[in-house]
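The values are calculated or read from the model by the stated rules, or taken from the named source; none is laboratory data. All figures in this text were calculated on a predicted structure; none of them were measured in a lab. Here the Cβ positions follow ideal geometry from the backbone for every residue, glycine too, while neighbour counts run over all protein chains shown.
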Amino acid sequence: MIYTLPFIAAFIGWFTNYLAVKMLFHPRKPIRFLGMTIQGIFPKRQELFAQKLGVLVSKELISIDELVSNMNQGNLSNDVLPLIEKRIDQFIQVKLKEEIPLLSMFIKDSTIEGIKSGMIREVENMLPEVMSKVTERIQSQVNVEQIVFEKVKKFSSDKLEEILYSIMKKEFMFIEVIGAVLGFIIGIIQILITYL
């Protein structure tokens, strides 16, 4: 009978660690028991977790200043100007002639090309100022910390558990196994102490 002690201790070690891992997420709602309130750590601290994660993401992972800097480093005008040129060309060739039909009778193709290239030059000159205004607006209105905080705070407890389990499944299993191993070792030590 005494030789079953390591196996019983291993089971108890595994079970207590299994229970500890489960209690990270359960119970989801606070339960009053013997004058104490019991609730899973993550459901209880979800708002604090969301706040800390928001700070971490905004400071260490996604900085608006870095995004804007990367956006400004690339030659955005090379990406945007062809689209603008296409729209200007469509406006002059189609819309302007639809709006003012007599205009097409008096304006030559060379004049249209001149108007088009003048407008494109003006847009090119205006683009840095426009980008600067867009950048200012992004910096003043986009708050990564707040966005992350709001999203994580609204996660259901099921979703949060699913995410953390998908990331830390092996670690949680290791915690359970180590509980069984330590329990088994303690059981053997108890047998040795009994015989000594």
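Taking residues in segment 2-17 that are closer than 13 Å to residue 177 by Cβ and at pLDDT 90 or above, and partners anywhere that are surrounded by 18 or more Cβ atoms within 10 Å (Cβ to Cβ) and of a type in the set (A, V, I, L, M), the pairs with Cβ atoms closer than 7 Å and at least 6 places apart or on different chains are 10/180; 13/180; 14/180.
Condition check ((1) more than 34 Å from the chain's Cα centre (by Cα); (2) within 15 Å of residue 164 (Cβ to Cβ); (3) surrounded by fewer than 16 Cβ atoms within 10 Å (Cβ to Cβ); (4) among the basic types (Lys, Arg)) across all residues:
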site: 7; (1), (2), (3), (4): yes, no, yes, no
site: 21; (1), (2), (3), (4): no, yes, no, no
site: 34; (1), (2), (3), (4): yes, no, yes, no
site: 51; (1), (2), (3), (4): no, no, no, no
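As a summary of the residue check, residue 147 satisfies the conditions (1) exposed (fewer than 14 other Cβ atoms within 10 Å of the Cβ); (2) within 21 Å of residue 55 (Cα to Cα); (3) of a type in the set (A, V, I, L, M) except for the one numbered (1). Per the listing 77, 58, the residue uniquely assigned to a helix (DSSP H, G or I), under 23 Å from residue 142 (Cβ atoms) and modelled with pLDDT of 75 or more is 58.
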